[in-house]
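Read the structure below first, then the notes.
Rule-based calculations on the coordinates, nothing more; no lab input. The model shown is predicted, which means the values in this text are computed figures rather than measured ones. Every residue, glycine among them, receives a Cβ derived from its backbone with ideal geometry; neighbour counts consider all protein chains shown.
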Amino acid sequence: MKAAIDLKDVAFTWQGRTRFTLTVPHLSVASGEKLFLLGQSGSGKSTLLSLICGIIQPQRGAVVVDGVNLSTLRPSARDRLRAERIGVIFQMFNLLPYASPLENILLQLSFAPERRRRLGHAQEEALRLTAALGLEDQLVLNAQTTELSIGQQQRVAAARALIGRPKLIIADEPTSSLDANSQVAFLDLLMAQAEEVGATLLMVSHDARLARHFDRTLDLTDIATTKRHTS
């Protein structure tokens, strides 16, 4: 099966007073797979996700996403690929505080014309997604983000990642602010929506209890090594 993500002999070092190196000999995620990556604080999970999203580039090795070696692209082309093909659910959501949920969701499409063209009617698709994620139309259309609960903000962030049928969904600790019952409900909804659009899902979390929802689980310490160099 074609790999949605393929990393080979990757190494990246953050420069500074205390240098940090992440090394990944190999990581492959199949197209359509739902992979749970278990990683504790300081294990390099945010660095790994930044490499996969093309935000940073490795000093060594290849990061291939949807068949494209990101190292062969200019920064602007990596930005376009990320906008068009990857939906990201950030740990802190990164929503505009005084915009409506709908405006936050549709903003993603401003940077991804191909995703927008796939939709036809973007607002209708946004409302379909938010309804499936348990949000009422009135709230999505008229509320400000500052008026939403943490759980509601999480669902808006998921809809923003899913809209336009991206091929890859990256989720960075998306349930860390939710209680156990809300975590399960959110993951069930996220899984259903990813399945519907045929997306590959890679989620990183420190909470091993969530692994049972996924096709496969990897511990970051089994596929990557980290090293800190203090000068």
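For the chain, a simple Cβ point-charge model (Lys and Arg +1, Asp and Glu -1, everything else neutral) yields a dipole of about 980 debye relative to the Cα centre. Dividing the helix sum by the residues of the chain, where each DSSP H run of 4 or more adds -39500 (n - 2.57), gives a mean residue ellipticity at 222 nm of -11000 deg cm²/dmol. DSSP beta bridges fully contained in the chain are about 55 percent antiparallel. Under 20 Å of direct C-alpha separation, and excluding same-chain neighbours fewer than eight residues apart, Lys167 reaches these lysines: Lys2, Lys34. Exposure proxy for Ile5, Ile150, Ile52: other Cβ atoms within 10 Å of each Cβ, ordered fewest to most, give Ile150, Ile5, Ile52. In angstrom, the C-alpha Rg and Dmax of the chain are 17.5, 55. Among Val65, Val10, the order by Cβ neighbours within 10 angstrom, fewest to most, reads Val10, Val65.
Ordered by the number of other Cβ atoms lying within 10 Å of each residue's own Cβ, fewest first, Ile169, Ile223 fall into the sequence Ile223, Ile169.
The convex hull drawn around the Cα atoms of segment 137-231, when projected onto a plane and averaged over every direction, covers 9.0 nm². Between the amide H of Ala4 and those of Val29, Ala30, Ser31, distances stay under 5 Å, these residues lying 5 or more places away or on another chain, with hydrogens modeled in the peptide plane. Scanning the chain for chymotrypsin sites (Phe, Trp or Tyr not before Pro) lying in DSSP loops with no more than 15 further Cβ atoms inside 10 Å, the longest uninterrupted stretch between such sites is 112-231. Based on C-alpha pairs under 8 angstrom that are at least 6 apart in sequence, the chain has a relative contact order of 32 percent.
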